[in-house]
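As structure tokens, the structure follows; a few thoughts come after it.
Where a number appears in this text, it was derived from the coordinates with a stated rule and is not lab data. As the structure is a prediction and not an experimental result, all values here were calculated from the model. Every residue, glycine as well, gets a Cβ built from its backbone with ideal geometry; the counts of neighbours run over all protein chains shown.
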Amino acid sequence: MSKHLDYYLHAYARGVDKRLIFLDDHDRVRFLLALTLSIRPQSPSMSVFIEQIDKGHLTPEDFTLLALNKRYGKPILNILSAILMPNHFHLHLQLPAPRINTHVFRRLIGSYTKYFNTRHQREGRLMSSTVKTVIIMSDPQNLHLSGYIHSNPVKSSKTNINPLHLVNYLWSTYPQYLGKPAPFTFKPGFTFDTSYFCNPQPILGEFSSPESYGNFVLSQTNTNEVLNPKELIDQSE
């Protein structure tokens, strides 16, 4: 990976007071939809997007990956890995420069918080802070981060997934890495999956096969090693 002029970041945020930020699948799908829109430069706000669907101005045919990129532009950053946990989320980012457009995160967190507070009848901040980012300093760290993110459901007591069933944890890009992305439906006929926002090739290209990467991730479930002393991994549980 180091032969490319790219930069890699770990981005993460958790609920205020470590509260749950995803209460059910509806919340998780809504967050992933917000993520899908937030990384595209010409996408409308979530409220406008939903209104366009409700008024029939957007059809399921307008929501294919190809149509989405044509209408709203290709993503301005590359998400290599992602996962939603009950009280936090992780994103693994590839960028052309060592700075990220914070507007993406403001849109994402603002849109989701507004939705969450309305749906669950609450007020105030949902996340404990703005999204934190850590620059990844080496190729081993980059691979370790992807494995760490995807092995989270095994290590967390809030999910406690059996390592052999990790591919069944739908709220992760790990199933996509193994060629089994789960479909998410947010309105009848409007379905998407993690390929709408994730490109795993820079990581998968370091392995001989998806199965080899899967074995690597399973090996990460047995270690708590942290390769970056400057908070590569945030213990967000």
Over all directions, average the projected area of the Cα convex hull of the chain and note it in nm². 12.7 nm²
Segment 7-166 - percent relative contact order, Cα under 8 Å, separation 6 or more: 38 percent
Enter the per residue convex hull volume of segment 34-118, computed from alpha-carbon coordinates, in Å³ rounded to the nearest integer. 114 Å³
If you line up the long axis of helix 25-38 against the longest principal axis of the chain, both from Cα atoms, how many degrees apart are they, to the nearest 10? 90 degrees
Rounded to 10°, Cα long-axis angle of helix 139-155 versus longest principal axis of the chain: 70 degrees
Mean Cα-pair separation over length for segment 44-125, i.e. relative contact order, pairs under 8 Å, 6 or more apart, %: 17 percent
Could you list which residues have their amide H under 5 Å from that of LEU20, counting only those 5 or more apart in sequence or on another chain, with H placed in the peptide plane? none
Can you sort MET85, MET137 so the residue with the fewest Cβ neighbours within 10 Å comes first? MET137, MET85
What do you get for the angle between helix 102-119 and the principal long axis of the chain? Use alpha-carbon atoms, 0 to 90 degrees, nearest ten. 60 degrees
Cα-Cα pairs above 25 Å in segment 91-207: how many percent? 37 percent
Violations at 20 Å Cα threshold for listed pairs LYS74/LYS114; LYS158/LYS180; LYS18/LYS132; LYS74/LYS180; LYS18/LYS158 -> LYS74/LYS114; LYS158/LYS180; LYS74/LYS180
Highest mean first, how do 30-36, 42-48, 213-219, 118-124 rank when packing is the count of other Cβ atoms within 10 Å averaged over residues? 30-36, 213-219, 42-48, 118-124
So if we plug the beta-carbon distance of LEU23 and ASN69 into 1/(1 + (r/R0)^6) with R0 = 35 Å, what FRET efficiency do we get, rounded to 0.05? 0.65
